[in-house]
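Each remark here refers to the structure printed beneath this line.
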Amino acid sequence: MNRSLPLILTLDQHGVPHRWVTWQQAVWYYAKERVAWELGREAFTVYGGRSHHTGERSSITANSIIAIRGKALAIKGFNQVPPLNNRELFNRDRFVCAFCGDLFSPMRLTCDHILPMSRGGRDTWMNVVTACRTCNQKKGSRTPEEARMQLLYAPYVPNRAEFLILANRRILADQMEFLRQHVSANSRINQRNVPAARATLN
Ligand SMILES: [Zn+2]
């Protein structure tokens, strides 16, 4: 079985982005006739066993973007706040420390709570930024004002489409094109040079 197939983007029947599924899950949707329509430009054929009667090999071709019947919940899901994880946070902030502006590999980054949790700050997208270990330690349990460390960019809550972009490292061109249309205009994904990262990776 081919494990390296890219993930398939599912939409609800109205075309609202829903979630990534593996090709196995996509094949299941096809087999159950839950695929309402296809939108992607790519297709992947998965072969099954041979029929005892005809000797023919079964196959299912899955499209890179599929709309699933009976997924009206996606609309509600689209407006839900996506879960906060370091991976998606670092991606949101383009691996740039919010305090020194340098670019780091994920291993050298931390999640900094703008208002520290020890001071009642919450673990939410709006209260966190990406910070390098040095800056995070320097800031300690202070606010940026108290530490005299200026935030170089503002936090924001990614919408569902942006979260789907942040959560998958191998997005096909047609999937990216589709998701970008649903990303809000003030997202950092739509801003070329913000935050201004230095060219070198620390
Ligand atoms: Zn830093």
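The values are calculated or read from the model by the stated rules, or taken from the named source; none is laboratory data. A quick note: this is a predicted structure, and the numbers were derived from the prediction, not measured. Protein only, heavy atoms only, side chains kept; ligands, DNA and RNA dropped before computing areas. Shrake-Rupley method; radii C 1.70, N 1.55, O 1.52, S 1.80 Å.
Observations
- Note on the chain: with a GNM built from Cα contacts shorter than 10 Å, the maximum mean-square fluctuation among Thr124, Thr22, Thr54 falls on Thr54.
- Dividing the helix sum by the residues of the chain, where each DSSP H run of 4 or more adds -39500 (n - 2.57), gives a mean residue ellipticity at 222 nm of -6500 deg cm²/dmol.
- Equivalent-ellipsoid semi-axes for region 55-169 (Cα gyration tensor, √(5λ), whole Å, largest first): 38, 17, 10.
- Among Asn136, Asn186, Asn127: highest mean-square fluctuation, GNM of the chain, C-alpha pairs under 10 Å: Asn186
- Pairwise Cα distances in region 109-163 exceed 14 Å in 53 percent of cases.
- Springs between Cα atoms under 10 Å define the GNM used for the chain, and in it the highest mean-square fluctuation of Pro17, Pro82, Pro116 occurs at Pro116.
- Kirkwood hydrodynamic radius of region 1-134, Cα pairs, Å: 18.1 Å
- The slack between Ser59 and Val81, meaning 0.36 nm per residue of separation minus the straight C-alpha distance, is 4.1 nm.
- DSSP bridge analysis restricted to the chain gives an antiparallel fraction near 80%, rounded to the nearest 5.
- The value of relative contact order for region 30-70, using C-alpha pairs under 8 Å at least six residues apart, is 52 percent.
- Gyration tensor over alpha-carbon atoms, region 77-139, equivalent ellipsoid semi-axes in Å: 20, 16, 8
- Taking every protein chain into account, the accessible area of the chain amounts to 58 square angstrom per residue (probe 1.4 Å).
- Counting protein heavy atoms only, the chain has 50 percent of its accessible area on carbon and sulfur, 1.4 angstrom probe.
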